[in-house]
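What follows is a set of notes on a single structure, which appears directly below.
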Amino acid sequence: MSAGLRRLYRSVFRVGWPRTPKQRLQAMLSSLLLHLHPTRVRVHVLRPSYTLGLGLASFFLFAVLTVTGLALMLYYVPHPGGAYRSMLDLRYAVAFGPFLRNAHRWAAHGMVAVVFLHMCRVFFTGAYKPPREFNWVIGVLLLLLTLALSFTGYLLPWDQLAFWAITVGTSIVAYFPLLGPQVRYLLLGGYEIGQAALLRFYVLHCLILPLAMAGLVALHFWRVRKDGGLSAPAHASERRVMAWPHLVLRELLVLVVVLVLVNAFAVAVNAPLEDIADATRTPNPAKAPWYFLGLQELVHYGAIFGGVAVPTALVLALLLLPYVDTDPRGVGLWFSPERRAANALFACLALAVVAVTVIGTFFRGPNWAWVVPWAR
């Protein structure tokens, strides 16, 4: 390499390819992305069986959503007629349009599932206990933001599926006493879904909620560093290794797995697109987005019970959990025997959430009657 090229390279990369421990430390400290990592990490947290890479996977899915969402914004028109035409253009006229839309949709659904699984992992390993209580609260807020992001994006195709899913979803919001109807009116910009609702959902989905998500993700990562890194059991080895290459290579592996899965789904499974939204043709049954079908199933048994009491109690319980359960035993271990009762209770609640979601998705038909999906 000539002196001029070497000088150009050094102006961009302060350190060459790190081969020695000293160069690895310099690489971590001189890079914007790598500087977010600690220079050394415990061997315990590098085991794939401990974190399963779920936190990283959710972050990478958010990155995929950001990139594909920015590309889709170039073709999207936030107006009822224009929105549906945008979907048709993406399907038939835009190069790689179907792939972009498919990748965005399946990454959004995947992020909801992965963030939920990540929260379960944190609970079952006791990683929410001191000094990580506040980071657990941030994680709960990130779960709620993930649901809000997916919900606001659901309306944007402006087809029958989107229109009636949002109609049902916002109706559940209205069940909250006192503020419920006002919140629904604020979301929709009126008493029915129209141009004002589409524009508000578009701005929420493309600007307000992503900025809030990015800020909370940054705070979440910062607190991981300030709280001493990932949790580990008291008897775990204190031996540490360099973050480069041990941690960085594992992160790249998770990124590759996420990209492969998203691309596979985007190629193999098309995102649904029904007829243009029509307020005069009500489908039977009209269902909320799949991640709110559990709530819709509970609302079927009682509006206040399913739409207000249960979700409010669950969110409050999650927020208060780390300040109530402060026993340090079992931290950093999957299904620790010292936490048998807590693990069993949380597992029952998580399975109940999954069960009512599956029932609402597959076992409810016209007039919300029971159906057997495999007998159709």
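The values are calculated or read from the model by the stated rules, or taken from the named source; none is laboratory data. Because the structure is predicted, anything quoted here is derived from the model rather than measured. For neighbour counting, all protein chains shown are included, and Cβ atoms are generated from backbone atoms with ideal geometry for every residue, glycine included.
Does residue 338 count as on the phi < 0 side of the Ramachandran plot, of a type in the set (Asp, Glu) and without any contact (Cβ under 8 Å) to a residue 24 or more places away in the chain? Here the answer is yes, as residue 338 does meet what is asked.
Residues of region 300-316 include none that is in contact (Cβ under 8 Å) with a residue 40 or more places away in the chain and either part of a loop (DSSP other than H, G, I, E, B) or on the phi > 0 side of the Ramachandran plot (or both). Taking region 27-37 as the range and being under 26 Å from the mean Cα position of the chain (by Cα) and surrounded by 16 or more Cβ atoms within 10 Å (Cβ to Cβ) as the test, the residues that pass are 34, 37. For residue 179, indicate whether it is within 17 Å of residue 311 (Cα to Cα), modelled with pLDDT of 95 or more and hydrophobic (A, V, I, L, M, F, W, C). Considered against the rule, which asks whether it is within 17 Å of residue 311 (Cα to Cα), modelled with pLDDT of 95 or more and hydrophobic (A, V, I, L, M, F, W, C), residue 179 comes out as no. Do the conditions hold for residue 149, that is, is it farther than 22 Å from residue 302 by Cβ and either under 23 Å from the mean Cα position of the chain (by Cα) or surrounded by fewer than 21 Cβ atoms within 10 Å (Cβ to Cβ) (or both)? The answer is yes for residue 149. How many residues does region 356-373 contain that are free of Cβ contacts under 8 Å to residues at least 40 places away in the same chain and not in a strand (DSSP E or B)? Counting residues in region 356-373 that are free of Cβ contacts under 8 Å to residues at least 40 places away in the same chain and not in a strand (DSSP E or B) gives 7.
Within region 280-294, the set of residues being more than 26 Å from residue 92 (Cβ to Cβ) and of a type outside the set (Ser, Thr, Tyr) comprises 284, 285, 286, 287, 288, 290, 292, 293, 294. Checking 116, 99 one by one, the residue that is surrounded by fewer than 22 Cβ atoms within 10 Å (Cβ to Cβ), under 24 Å from the mean Cα position of the chain (by Cα) and within 19 Å of residue 321 (Cβ to Cβ) is 116 and no other. Restricting attention to region 55-70, the residues being surrounded by fewer than 19 Cβ atoms within 10 Å (Cβ to Cβ) and in contact (Cβ under 8 Å) with a residue 24 or more places away in the chain number 1. Among the residues of region 322-352, the ones that are within 30 Å of residue 229 (Cα to Cα) and in a helix (DSSP H, G or I) come to 18 in all. Criterion applied to 42, 24 was being of a type in the set (D, E, K, R), buried (at least 16 other Cβ atoms within 10 Å of the Cβ) and touching a helix residue (DSSP H, G or I) at 6+ places or on another chain (Cβ under 9 Å), and the one residue passing it is 24. When each of 349, 298, 320 is tested for being among the hydrophobic types (A, V, I, L, M, F, W, C) and crowded, with 18+ Cβ neighbours inside 10 Å, the lone residue that passes is 298. Checking each residue in region 248-295 for being of a type in the set (S, T, N, Q) and more than 17 Å from residue 107 (Cα to Cα) picks out 280, 282, 284.
Would you say residue 130 is surrounded by fewer than 20 Cβ atoms within 10 Å (Cβ to Cβ), in contact (Cβ under 8 Å) with a residue 40 or more places away in the chain and farther than 21 Å from residue 353 by Cα? Taking the combined requirement at face value, the residue satisfies it.
Conditions (1) at positive phi; (2) in contact with a helix residue (DSSP H, G or I) (Cβ under 7 Å, 6 or more places away or on another chain); (3) at pLDDT 95 or above, marked per residue:
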{"residue": "211", "(1), (2), (3)": "no, no, yes"}
{"residue": "237", "(1), (2), (3)": "no, yes, no"}
{"residue": "240", "(1), (2), (3)": "no, no, no"}
{"residue": "243", "(1), (2), (3)": "no, yes, no"}
{"residue": "249", "(1), (2), (3)": "no, no, no"}
{"residue": "255", "(1), (2), (3)": "no, yes, yes"}
{"residue": "259", "(1), (2), (3)": "no, no, yes"}
{"residue": "268", "(1), (2), (3)": "no, no, yes"}
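Would you check if residue 194 is out of contact with any Ser or Thr (no Cβ under 6 Å at 6 or more places or on another chain), within 28 Å of residue 83 (Cβ to Cβ) and either touching a residue at least 60 places away in the same chain (Cβ under 8 Å) or surrounded by 15 or more Cβ atoms within 10 Å (Cβ to Cβ) (or both)? When the stated conditions are applied, residue 194 passes them.
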